[in-house]
Amino acid sequence: MMKMKIYHFDGCGGCQLAIMGMQHDMLQLFELVQLITDNHKNEQVDIGLVIGHYTEGMIKNILGCCDKLLIIGACAHQSYTAIHETLGIEEERLYFVKGCPLSVDELIHVIHCIINGVRPKEKNYPVCVSCKENENICLLLKGMPCKGPITQAGCHAKCIGKGVPCRGCRGLLKDARLDVYETIKENVAEGMKG
Ligand code: SF4
Ligand code: SF4
Ligand code: SF4
């Protein structure tokens with residue numbers, strides 16, 4: 001059975017709460033991995049699960065103790081984005097569960113993928129695609145700023161379904177057209193004036 005250690009850094013606690021609230025899923029998690037506590041400080045583990053904001057030095061220490069790095073939640077993802085160029089970690093060691101807070105279903109899925117040696121499928125399309133699938137009315141048409149066009153999908157556009165614009169918690173879409181997005185925003189703002 002693979003060993004997994006959870007590293008908590010600065011964050012609001014929402015991701016930890018989501019994990020603690022897993023209940024039945026938690027039992028499933030215990031069947032998948034052996035959770036290692038802080039009592040085993042120098043123990044080498046298969047998966048280092050990282051939550052919250054961290055620096056390059058902090059993550060380098062963890063990289064020395066784990067085979068795979070599982071970065072979960074928007075805070076941990078943002079920290080990674082800020083340092084990834086100098087960190088130079090091999091892509092095959094990296095796994096993500098993006099979002100604020102993380103999705104427990106997605107976390108279980110990604111852990112399954114790690115255990116089975118497969119890469120989780122990247123969703124290289126914007127939140128707008130999921131939004132259209134759900135037949136939501138576009139919030140831009142109501143003059144609400146929405147980052148869906150430049151944000152990586154995977155959340156089933158859950159905020160828009162509740163009438164709340166996307167704030168981009170799953171991170172920037174690869175090759176996102178920021179220039180086009182700025183024009184859309186300007187046009188929406190102009191339209192609201194007229
Ligand atoms: S990703 Fe969101 S829920 Fe998770 S620690 Fe950061 S702010 Fe909190
Ligand atoms: S509401 Fe947002 S996510 Fe949905 S289609 Fe409009 S811009 Fe895209
Ligand atoms: S709609 Fe946007 S802000 Fe909301 S969960 Fe999805 S990516 Fe995050």
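Descriptive notes on the structure:
- In the set (1) free of Cβ contacts under 8 Å to residues at least 12 places away in the same chain; (2) within 16 Å of ligand 1 (Cβ to nearest atom), Pro101 fails one condition alone, (1).
- Only a single item in (1) under 22 Å from Lys185 (Cα atoms); (2) surrounded by 17 or more Cβ atoms within 10 Å (Cβ to Cβ); (3) not hydroxyl-bearing (Ser, Thr, Tyr) is not met by Val129, and it is number (2).
- Restricting attention to the range 137-154, the residues being more than 10 Å from ligand 2 (Cβ to nearest atom) and crowded, with 21+ Cβ neighbours inside 10 Å number 2.
- Filtering the range 57-98 to residues that are among the acidic types (Asp, Glu) and surrounded by 14 or more Cβ atoms within 10 Å (Cβ to Cβ) leaves only Asp67.
- Selection count where residues are in contact (Cβ under 8 Å) with a residue 40 or more places away in the chain and within 14 Å of Cys155 (Cβ to Cβ), scope the range 74-98: 3
- Checking the stated criteria, Leu102 turns out to be at pLDDT below 95, within 11 Å of ligand 3 (Cβ to nearest atom) and either among the polar types (S, T, N, Q) or surrounded by 18 or more Cβ atoms within 10 Å (Cβ to Cβ) (or both).
- In the range 9-58, residue modelled with the lowest pLDDT [restricted to those that are more than 16 Å from ligand 3 (Cβ to nearest atom) and in contact with a Gly (Cβ under 6 Å, 6 or more places away or on another chain)]: Asp10
- Qualifying residue in the range 158-176 (condition: more than 16 Å from ligand 1 (Cβ to nearest atom), surrounded by 21 or more Cβ atoms within 10 Å (Cβ to Cβ) and either in a loop (DSSP other than H, G, I, E, B) or free of Cβ contacts under 8 Å to residues at least 40 places away in the same chain (or both)): yes
The values are calculated or read from the model by the stated rules, or taken from the named source; none is laboratory data. All figures in this text were calculated on a predicted structure; none of them were measured in a lab. Cβ coordinates were reconstructed from backbone atoms using ideal geometry, including for glycine residues, and neighbour counts include every protein chain displayed.
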